[in-house]
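One structure is given here, and the rest of the page talks about it.
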Amino acid sequence: MKYNGLRTLVLVAAVVAVFAGVAPLLHASQGEATEMTMQSQADSGVVQQAIQAKFDSDINFGESNLVATVTDSTVELSGRVRDEVGHGRALDIAQRQAGERKVIDQTSIEQVYQTVR
């Protein structure tokens, strides 16, 4: 009987020791996951600002109302561009800045036809 009681006590002590050792690791893992999430959110904000700054400074988008919305997994473009050249340029900027994110193109092309006199 004493042997079973001692064995149980050792087993319980081992389980407590394991959980005591694992708990900090679990907490560290949550902290690392939180840090990674915060980092990816910050990266999304940085990517969005970089794309928008390029749109705002590019002569091809003078009268365009392009907007880039960036998440951890996507870059979504919306708004209007003047022509195919502007459209291609907008996609190129987004794809270069997107990294591993998928670029979703929701832009429209506004073609203005002028009559020749």
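This ranking places SER73, SER64, SER78 by how few other beta-carbon atoms lie within 10 Å of each, fewest first, which gives SER73, SER78, SER64.
Ranked by Cβ crowding within 10 angstrom, fewest neighbours first, how are ILE51, ILE104 ordered?
With the sparsest Cβ surroundings first, the list reads ILE104, ILE51.
This ranking places ARG89, ARG80, ARG96 by how few other beta-carbon atoms lie within 10 Å of each, fewest first, which gives ARG96, ARG80, ARG89.
Taken together, the values in this text are just the output of simple stated rules run on the coordinates, not laboratory data. Note that the coordinates shown come from a computational prediction; the quantities given were computed from them, not determined experimentally. Neighbour counts run over all protein chains shown; Cβ positions are idealised from the backbone, glycine included.
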